[in-house]
Protein chains: 4
Amino acid sequence: MIVVMDFGASEEEIGEVEERIKSFGYDVHHFNGEPRAVLGIIGSPGEDTRDALEVMPSVERVIPVSLPFILASREFKKDKTIFEAGGVEIGGEKIVLIAGPCAVEGKEPFLRAAEAVKKGGADILRGGAYKPRTSPYSFQGLEEEGLKIMAEAREITGLPIITEVTDQHSVEIVARYVDIIQVGARNMQNFTLLKELGQVDKPVLIKRGMAATIEEWLMAAEYLLSNGNHRVILCERGIRTFETYTRNTLDISAVPIVKDLSHLPVFVDPSHGTGKWKCVPSMSLAAVAAGADGLLIEVHPSPKEALCDGLQSLVPEKFSQLKASIRGVAQAVGRIL
Amino acid sequence: MIVVMDFGASEEEIGEVEERIKSFGYDVHHFNGEPRAVLGIIGSPGEDTRDALEVMPSVERVIPVSLPFILASREFKKDKTIFEAGGVEIGGEKIVLIAGPCAVEGKEPFLRAAEAVKKGGADILRGGAYKPRTSPYSFQGLEEEGLKIMAEAREITGLPIITEVTDQHSVEIVARYVDIIQVGARNMQNFTLLKELGQVDKPVLIKRGMAATIEEWLMAAEYLLSNGNHRVILCERGIRTFETYTRNTLDISAVPIVKDLSHLPVFVDPSHGTGKWKCVPSMSLAAVAAGADGLLIEVHPSPKEALCDGLQSLVPEKFSQLKASIRGVAQAVGRIL
Amino acid sequence: MIVVMDFGASEEEIGEVEERIKSFGYDVHHFNGEPRAVLGIIGSPGEDTRDALEVMPSVERVIPVSLPFILASREFKKDKTIFEAGGVEIGGEKIVLIAGPCAVEGKEPFLRAAEAVKKGGADILRGGAYKPRTSPYSFQGLEEEGLKIMAEAREITGLPIITEVTDQHSVEIVARYVDIIQVGARNMQNFTLLKELGQVDKPVLIKRGMAATIEEWLMAAEYLLSNGNHRVILCERGIRTFETYTRNTLDISAVPIVKDLSHLPVFVDPSHGTGKWKCVPSMSLAAVAAGADGLLIEVHPSPKEALCDGLQSLVPEKFSQLKASIRGVAQAVGRIL
Amino acid sequence: MIVVMDFGASEEEIGEVEERIKSFGYDVHHFNGEPRAVLGIIGSPGEDTRDALEVMPSVERVIPVSLPFILASREFKKDKTIFEAGGVEIGGEKIVLIAGPCAVEGKEPFLRAAEAVKKGGADILRGGAYKPRTSPYSFQGLEEEGLKIMAEAREITGLPIITEVTDQHSVEIVARYVDIIQVGARNMQNFTLLKELGQVDKPVLIKRGMAATIEEWLMAAEYLLSNGNHRVILCERGIRTFETYTRNTLDISAVPIVKDLSHLPVFVDPSHGTGKWKCVPSMSLAAVAAGADGLLIEVHPSPKEALCDGLQSLVPEKFSQLKASIRGVAQAVGRIL
């Protein structure tokens, strides 16, 4: 960690900062040659030290040198993480396809969707039982009833299931029913929820928050890892930018970056990432070409009738065609499907 | 709500969309004169209808005309909302100053801070007992122990207290101790928490999420209002932009905009909004000049020793001076302090 | 165009807006069923009318229905635009590779780079003779001397050449030497330059500005088209967002969106788009998978010695390997290389 | 400047980076104590050195310690810059009001506007003769004819005049007519134009680009200063963010930040900054409260009839009232009007 002093900081002020650094148990290194005094801290102090130093009156800036995640980093674990979730290998050679409707809207339509998705070639079935909605007046999900329907769909199709959990209250019940638990973008920094999920014996897929930096996203994974859950999937789903023609800007470059920084598997959600079903096929191919380990795609047997997020859903036939195109790209980058 | 069809949509496709609109119980209005077919929906359908229409293959875009919040809007309630919180009038002529340290770090320092803040002229005392931290390795707060210290500080100073709640589990205990409950930026769309707080008989201060639009922020307030809690304070605290010299970009223009759209009181947090204590005085004055009803300012008796967010804290003497400057600006805009 | 009136606008105010619309020569359509009065304008008025209406005291918002570009749109020209530039077909079945160093730093190194790029399989050679640099103290380019070196490299390699022009003064001289003229991101809205280039008989590659919406980018192309130059290439090069781990956020989703809205060919620059050479191969593959018609890649014979932007440059051997990988992805999406 | 090596970089790779640093004439300082090797560069190398090092295969990141602007910095010149422009003192105790219509649309309306602005209490008259417009189909300005009208307005009112120049071609003619030359947001990084203006004997007001960091904005000023023009005004006019309810997000916090980093005067344009005339009064007051040295406000005698940007214009009576409110805030922060 580097401390840059104010221009013209006095010897006394520099001494105070040095004292403060030492009070945290670190040694100090004087770094000459800049117009301003610069101090180096020997060791890797964390957020608390940084905050404590930045506030000192003569300090201009504190620049962290090390990245703050440990267990999520390639420095800690060199080989990529591969694990099994509901019988499906995650992070291996094979690109994993998670597909299904946004919300579980009822038994009959969900079972229909599940069979279509199965037939279309998905590896894992998704569906939402607890829906975070911007408006209190929108459909909020079927809750446990929805979980039961999903479990029945698993019985019928043999596909493992994934669903989103929106608060720590529901973690236990969701964990009882599903194979993978999803943390949505809005809850990426719901630290209470993350701590709870760190103690659950189910893999967790954690979506990137819409204003989260790559570093913050990896710190969210660190909450899971440091609480004991090592089966973590990172899922890019678009960030919020000034461009509003697409609902979000899908940050495909996050895939190679995260795979370079971390050993964890990285998935991409092109449906939420763009919010336009027309873009889903091309962005699915782009994600696989960029190195994604899996995709999360909304498929609805009848998107015209979907109660939420129909906008970004593919019909089953399109999903099936898409799978064929993905196969070609996967082979070109040395993966299988 | 306006539905713009694809260029070259057929009569049949337009008919299908019309049918779909009618299936939601709305009448349709044909709007001629654009190169594309445009349909108007008679009535104010919500998010679900929008999503259902946007997904139809021949629909290019759906444009909402009405804003989605109802109870939070000036259309619903013309007069500005004024209420009492722990004996302090919120939203009235007087600018309300909330001040205190970021975190309750221990009894002795917090009581010292409380007295300094009281002496400096604050109306309400703040402190954090539950801290949402980016890193699992950072100080996470004293929890109930912290609430007890805050209550003791209230006893001594006579100032009402405000603290952040980070999950629905803690709502009951927090509500038992404090006068105002704060929802942090990261929880602005924690809908489970919002629903819970909607049923609590304590005023709630809700911070704007760092990637939240003004509309989404007002929708978060709508969750509180529609669940029965009408004592809501909106607090601007900076949005995330490409500019990283400041920790966030404090969107002061949100103050006049929100006061125009809504009857709810609007506060500003210049400490988190900029992340630089040097900017806190000038941005406090700017917020009051722009029409803010109150300020949320970090004050620490010894920011050099703060365990978190010391960076943006003022020392008590500076807070006291700041209060004097604010008085002048408040008078210039017809407010009192 | 839709005009939404203020809540509670009087009949008289609505009448005034109606008069104003008619004064521009358009008919008005009353649109009932919303809580606010809504007026539709029959026809497609432009920016000036919009601005004139938005300012009226009782108008809340004006919502354009049509997209503002005409000649660049698929509505105007349904088939995709294919043209020839220096003997290379642009916008056809074949993915076009433009490669070379960021700046022409001297004759010997540039000729060496040109031969490496040729050997590596590029279709077009790039190089910068006029460099827009953030700092007045950085290397600003060799200007005409650089153009001469580029022309010599074309002689030797047979590759057509492309270079950036930074002001209208230099358009004539640049057009004399090169086969394609590039407009950089910082000049995307340099309208004087665009008008000048609209009258030049050379194809123009126009990069997206770092804060430009897709709509504004297409409007920049419209400046070229409406001034008579129909050989326009759009080049996505990353937008500025809160994420700073990459220099920019490469908006790959802009590729399918622009190809849907416009008939013009779309290229991607993964080098500037990410600012990290490690990401260039994966993002090149992603761009092709998403439907890009070509790539603009920085290649430097010795990036360790590059005077600018070396960070994002590939060495020739890596470029050569990359070409082989691109071929596989291109085939998977029905393109050739 | 700090160079952070890749995790696990070999001694040989570190040695190569060290060699490269020395080849630029700088000494190297080894900095131990981090998990990665860290090198410090003795001296303040610029952008070129940074780029050259960042590209080296074993280098993870290069972190600049010094800010890149020199002449614009408080380190170079401690006292704030005060100069005279057309008889008006800029940067002194007095808040300077620049007002007028967006575009010069004709002689009669402009003279009417000029007189209204004069009567309302403006210090400097603005008007646009060369208009950068997003659409080629919008009104582009009266050019020299507009300058003549502005000069006549100066004759009549005695107010100095300011107008925007959009390309280096027009610098000479614009400089002949006006007292202050404005560089618009879209041209903030039009370096050819900046170099030209650096050699003109007229003060220059340079607006912040809509995606420009504070550092880049000060580097644009550095282009002017390093080319010999020391009469530079910086003008904040809003940055582009995800929030689209306002046209831009006016970054008021840039005022105290820039005044801390630089000695140059800082103005604020609340009209373009928000794009909503309803926000102009409150944001004007906020800017003055935050320490702005002047304001740039659009005033139009009849905004209902304005050909461009009427949306953000005040009518003269509102401007006059606004001046009275500004006076109160100015006094509260120790300034005069």
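The values are calculated or read from the model by the stated rules, or taken from the named source; none is laboratory data. In this text the structure is predicted, and so the values were computed from the model without any measurement. Note that each Cβ is placed from the backbone with ideal geometry, even for glycine, and that neighbours are counted across all protein chains shown.
Please enumerate the residues belonging to region C:192-202 that are surrounded by 24 or more Cβ atoms within 10 Å (Cβ to Cβ) and touching a Phe, Trp or Tyr at 6+ places or on another chain (Cβ under 7 Å). Correct list: C:LEU194 only.
Are any residues in region C:153-175 assigned to a loop (DSSP other than H, G, I, E, B) and within 17 Å of C:LEU224 (Cα to Cα), and if so, which ones? Residues satisfying the conditions are C:VAL165, C:THR166, C:ASP167. Exactly one residue among C:GLY209, C:GLY141 is small (Gly, Ala, Ser), out of contact with any helix residue (DSSP H, G or I) (no Cβ under 8 Å at 6 or more places or on another chain) and either assigned to a loop (DSSP other than H, G, I, E, B) or buried (at least 24 other Cβ atoms within 10 Å of the Cβ) (or both), and that residue is C:GLY141.
Of the listed requirements (1) assigned to a loop (DSSP other than H, G, I, E, B); (2) modelled with pLDDT of 90 or more, D:GLU89 misses just one: (1).
Mind listing whichever residues of region B:100-125 are modelled with pLDDT under 95 and assigned to a strand (DSSP E or B)? B:GLY100, the sole residue that qualifies. If the condition is being out of contact with any strand residue (DSSP E or B) (no Cβ under 9 Å at 6 or more places or on another chain), farther than 22 Å from C:ILE326 by Cα and of a type in the set (Gly, Ala, Ser), then region A:231-286 contributes only A:GLY275. For region D:277-293, taking the residues that are within 30 Å of C:SER58 (Cα to Cα) and not aliphatic (A, V, I, L, M), the one that is surrounded by the most Cβ atoms within 10 Å (Cβ to Cβ) is identified as D:SER284.
Just a yes or no: is a residue in region A:45-55 touching a residue at least 12 places away in the same chain (Cβ under 8 Å), among the aliphatic types (A, V, I, L, M) and out of contact with any Pro (no Cβ under 9 Å at 6 or more places or on another chain)? No, region A:45-55 contains no residue that is touching a residue at least 12 places away in the same chain (Cβ under 8 Å), among the aliphatic types (A, V, I, L, M) and out of contact with any Pro (no Cβ under 9 Å at 6 or more places or on another chain).
Is at least one residue of region B:81-90 free of Cβ contacts under 8 Å to residues at least 24 places away in the same chain, under 21 Å from the mean Cα position of the chain (by Cα) and more than 30 Å from A:HIS272 (Cα to Cα)?
Yes, some residue in region B:81-90 is free of Cβ contacts under 8 Å to residues at least 24 places away in the same chain, under 21 Å from the mean Cα position of the chain (by Cα) and more than 30 Å from A:HIS272 (Cα to Cα).
In region A:167-191, what count of residues is obtained for those that are out of contact with any strand residue (DSSP E or B) (no Cβ under 9 Å at 6 or more places or on another chain), buried (at least 21 other Cβ atoms within 10 Å of the Cβ) and polar (S, T, N, Q)? Adding up the residues that qualify gives 2. Screening region D:228-248 for residues that are facing another protein chain (nearest Cβ under 7 Å) and in contact (Cβ under 8 Å) with a residue 24 or more places away in the chain and picking the one that is nearest to D:ALA175 (Cα to Cα) gives D:ILE239.
One line per residue, one yes/no per condition, for (1) buried (at least 20 other Cβ atoms within 10 Å of the Cβ); (2) more than 27 Å from D:ILE181 (Cα to Cα); (3) in contact with a helix residue (DSSP H, G or I) (Cβ under 9 Å, 6 or more places away or on another chain):
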residue	(1), (2), (3)
D:GLU11	no, yes, no
D:VAL38	yes, yes, no
D:GLU54	yes, yes, yes
D:THR81	no, no, no
D:VAL88	yes, no, no
D:GLY100	yes, no, yes
D:LYS107	no, no, yes
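Residues that are of a type outside the set (S, T, N, Q), away from chain B (no Cβ under 14 Å) and either surrounded by fewer than 18 Cβ atoms within 10 Å (Cβ to Cβ) or in contact with a helix residue (DSSP H, G or I) (Cβ under 9 Å, 6 or more places away or on another chain) (or both) occur at least once in region C:19-33. Check B:THR274, B:THR249 and return the single one that is surrounded by 24 or more Cβ atoms within 10 Å (Cβ to Cβ) and modelled with pLDDT under 95. Just one listed residue meets the conditions, B:THR274. Just a yes or no: is a residue in region A:184-203 part of a loop (DSSP other than H, G, I, E, B) and at pLDDT below 95? No, region A:184-203 contains no residue that is part of a loop (DSSP other than H, G, I, E, B) and at pLDDT below 95.
The sole residue among A:VAL255, A:VAL266, A:VAL299 that is more than 8 Å from every other protein chain (Cβ to nearest Cβ) and either of a type outside the set (A, V, I, L, M, F, W, C) or without any contact (Cβ under 8 Å) to a residue 40 or more places away in the chain (or both) is A:VAL266. Residues of region A:137-192 that are farther than 19 Å from A:VAL232 by Cβ and aromatic (Phe, Trp, Tyr): A:TYR137, A:PHE139, A:TYR177. For D:THR157, indicate whether it is among the β-branched types (Val, Ile, Thr), away from every other protein chain (no Cβ under 14 Å) and surrounded by fewer than 21 Cβ atoms within 10 Å (Cβ to Cβ). Criteria met by D:THR157. Per the conditions (1) surrounded by fewer than 19 Cβ atoms within 10 Å (Cβ to Cβ); (2) within 30 Å of D:ASP293 (Cβ to Cβ), the sole criterion not satisfied by D:GLY15 is (2). Close Cβ contacts (under 6 Å, 6 or more residues apart or on different chains) running from residues in region A:150-179 that are over 26 Å from B:HIS169 (Cβ atoms) to residues that are among the basic types (Lys, Arg) comprise A:THR157/A:LYS118; A:LEU159/A:LYS118; A:ILE161/A:ARG154.
In the condition set (1) away from chain D (no Cβ under 14 Å); (2) within 20 Å of D:SER66 (Cβ to Cβ), A:GLU12 is compliant with all but (2). Restricting attention to region D:118-142, the residues being within 14 Å of another protein chain (Cβ to nearest Cβ) and touching a residue at least 24 places away in the same chain (Cβ under 8 Å) number 9. For region A:231-238, the criterion of being modelled with pLDDT under 95, in the same structural domain as A:ALA324 (by TED's automatic domain parsing) and not hydrophobic (A, V, I, L, M, F, W, C) is met by none of the residues. When you check A:ASP293 against the structure, is it modelled with pLDDT of 95 or more and over 20 Å from A:ARG327 (Cβ atoms), yes or no? Taking the combined requirement at face value, the residue does not satisfy it.
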